[in-house]
Amino acid sequence: MIKKSLLTALLVAFMASSAVSAYAVSAPSGEKQAPIVLETQGSFTVGGATLTHPGTFSREHFLEPQGQTAYGDHAYVFYQIPVNAKPFPIVFQHGGAQTKRTWETTLDGRDGFQNIFLRKGYAVYLLDQPRMGEAGLALKADAGQNPYAQNPLFADKTLFELCRIGVFPNRFETSQFPKGQAALEAFQRSWTTYAGQLDDDLNAQALGKLFDRIGPAILFTHSMGGTIGWRTPMLTENVKAIVAFEPGGTPFIFPEGEVPEALPTTYAPVVATAKAVSLETFQKLCRVPMLLIYGDNIAKNSSEEIGPDKWRSEMDMAQKFVAAVNRHGGKAELIHLPEIGIRGNTHFLMSDLNNLEIAELTQKWLAKHHLD
């Protein structure tokens, strides 16, 4: 006769196995994916502050702010740790007007980087930065300067072109953007307005606190998250490497006296930007190996196509940034995918049709730096 404790253990094991199998769905291609086996998963908030309203709380007016305290400006973090995880987790920092879903399931239902790198054995930490998504409690309202802090968000054509899907309504011929109208609809529904004022330093402080909490880890950033990534090693020593997917939209960091001129664009609001910090502060960034990756359909010369022209300026500034880091003893690299034969990637290259190829490229770079 099986003892009760052993029977219970067997039932738990069977139920857990069944649950994993239930979620081991087939890939869109029909190829069955191996189950992802987790040691644990969970969520928490990190960073943040409070703000107390003047006055005295009254139960007769309990909906009024007087005497009450607001909590906000924290980041929200969701994590998954696989069984036998690699030594260094990956922290995923999203870009502007996005949330952690940037790294989740792709627009057409394939594995995003969250699952791809879980399958490769990395623990993953996905965050919503302060004043965004599930961290939407803000202590400072937007002053009305940010067009992505407004609802309704009238920007479908803007985002289509800025993200280099094509020139609306047509896609670039080589585009790796997922096929079909459903994926395009999902793209337009992936955006999130800001709940408060955009503050890159505040976001970096929350990200730094996350690294202090979890220990040494790798940082992946996207787009406007790039500048948050550059600032984070200035606040913590736990950033082991940074992989920046098309950083831009907010300032690149340079030492004082070395801030370069931005390459002008046809449309002034989309020119690259740069910010100065002390050389001592900049050298904290230089101790971290960095890889910057840019996709396709970036103009070589001035263009009237908004996306290709904007990213011409951003990639030019990125090349100057890489040169500055290496000039001061760092190890930074920039890969322009078409130059190595990978064509058609949009601004969201981590969820394009060839995202597995991009992930392999990234993992090889991590292995080169003994982080795999």
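We did not get these values from a lab; they are worked out from the coordinates using the rules stated. Nothing here was measured: the structure is a model prediction, and the numbers come from that model. Virtual Cβ from ideal backbone geometry, glycine too; neighbours counted across all protein chains shown.
Would you tally the net charge around PHE348, using a Cβ to Cβ cut-off of less than 10 Å, leaving PHE348 out, and scoring K and R as +1, D and E as -1?
In short, -1.
Normalising by the residue count of the chain, find the relative contact order in percent from Cα pairs under 8 Å and 6+ residues apart.
Numbers: 755 pairs, mean separation 55.6, N = 372.
Once divided by the residue count of the chain, the mean separation gives 15 percent.
Read phi for every residue in the stretch 64-72 and hand back ³J(HN,Hα) as whole Hz from Karplus 6.51 cos²θ - 1.76 cosθ + 1.60, θ = phi - 60°, with x for Gly and Pro.
Here the 3J(HN,Hα) series is 7, x, 4, x, 9, 10, 9, 10, x Hz.
Tell me the net charge near GLY196. Cut-off is 9 Å between Cβ atoms, GLY196 excluded, with +1 for each Lys or Arg and -1 for each Asp or Glu. Write down the numbers at each step before the final one.
On the way: positive: ARG131, LYS140; negative: ASP73, ASP142, ASP199.
In short, -1.
In debye, nearest 20, what is the charge dipole magnitude of the chain about its Cα centre with +1 on Lys and Arg Cβ and -1 on Asp and Glu Cβ, if you could check?
Dipole of the chain, to the nearest 20 debye: 1100 debye.
List every residue whose amide H lies under 5 Å from the amide H of ALA262, counting only residues 5 or more places away in sequence or on a different chain, with H placed 1.01 Å from N in the peptide plane.
none
List, in order, the whole-Hz ³J(HN,Hα) value for each residue of the stretch 134-150 obtained from phi through the Karplus relation with A = 6.51, B = -1.76, C = 1.60 and θ = phi - 60°; use x for Gly and Pro.
7, 10, x, 7, 10, 9, 9, 6, 5, 7, x, 8, 9, x, 9, 10, 10
Please turn the phi angles of the stretch 228-237 into ³J(HN,Hα) values with the Karplus equation 6.51 cos²θ - 1.76 cosθ + 1.60 (θ = phi - 60°), one per residue in order, whole Hz, x for glycine and proline.
With coefficients 6.51, -1.76 and 1.60, one gets 5, x, 4, 7, 5, x, 7, 10, 8, 9 Hz.
Percentage of Cα-Cα pair distances in the stretch 266-372 greater than 23 Å, rounded to whole percent?
37
Return the subset of LYS157/LYS310; LYS209/LYS284; LYS240/LYS368; LYS100/LYS140; LYS209/LYS331; LYS100/LYS179 for which the Cα-Cα distance in this structure is over 20 Å, preserving the input order.
Beyond 20 Å: LYS100/LYS140; LYS209/LYS331; LYS100/LYS179.
Return the inverse of the average 1/r over all pairs of distinct C-alpha atoms in the chain, which is the Kirkwood hydrodynamic radius, in Å to one decimal.
22.0
Considering the zone a paramagnetic label at ALA262 would reach in this model (a point 7 Å from Cα along the Cα-to-Cβ line), which residues of the stretch 175-203 have amide N under 16 Å from it?
200
Per residue and in Å³, how big is the convex hull formed by the alpha-carbon atoms of the stretch 138-276?
Measuring per residue, one finds 163 Å³ for the Cα hull of the stretch 138-276.
What are the extents of the Cα atoms of the stretch 193-275 along their three principal axes, in Å, largest first?
Principal-axis extents of the Cα atoms in the stretch 193-275, largest first: 44, 33, 22 Å.
What are the DSSP H helices in the chain that stretch 24 Å or more along their long axis, judged by alpha-carbon atoms, and whose average Kyte-Doolittle hydropathy comes to at least -1.0?
Values: long enough: 4-22 (27 Å, 1.55); 306-327 (32 Å, -0.60).
Those that clear 24 Å and a mean of -1.0 are 4-22, 306-327.
Any chance you could check the Cα centroid distance between the stretch 312-372 and the stretch 107-133 for me, in angstrom?
19
Give, as a single signed number, the net charge of other residues whose beta carbon lies under 14 Å from the beta carbon of ALA182, with Lys and Arg counted +1 and Asp and Glu -1.
Taking every other residue near ALA182 into account, the sum is +1.
What is the Cα coordinate range of the stretch 115-218 on the first, second and third principal axes, sorted by size from largest, in whole angstrom?
Principal-axis extents of the stretch 115-218 (Cα, largest first): 45, 43, 19 Å.
Using amide H atoms built 1.01 Å from N in the peptide plane, name the residues 5+ places from HIS222, or on other chains, whose amide H lies under 5 Å from its own.
Under 5 Å from the amide H of HIS222 lie the amide H atoms of GLN93, GLY95, PHE245, each far enough along the sequence or on another chain.
Once you've got the GNM for the chain with C-alpha springs shorter than 10 Å, pick whichever of GLY133, GLY121, GLY257 has the biggest mean-square fluctuation.
Largest GNM mean-square fluctuation: GLY257.
Starting from 0.36 nm per residue, how many nanometres of slack lie between THR56 and ALA186 once their C-alpha separation is accounted for? Don't jump to the answer; show the numbers that get you there.
Numbers: separation 130, 0.36 × 130 = 46.80 nm, distance 4.63 nm.
Taking 0.36 nm per residue and subtracting the Cα distance, the gain is 42.2 nm.
Shape verdict for the stretch 50-185, please, from the Cα gyration tensor: rounded (a/c under 1.5), prolate (a/b greater than b/c) or oblate. Walk me through the numbers before you get to the answer.
Numbers: a/c = 3.29, a/b = 1.43, b/c = 2.29.
The shape class here is oblate.
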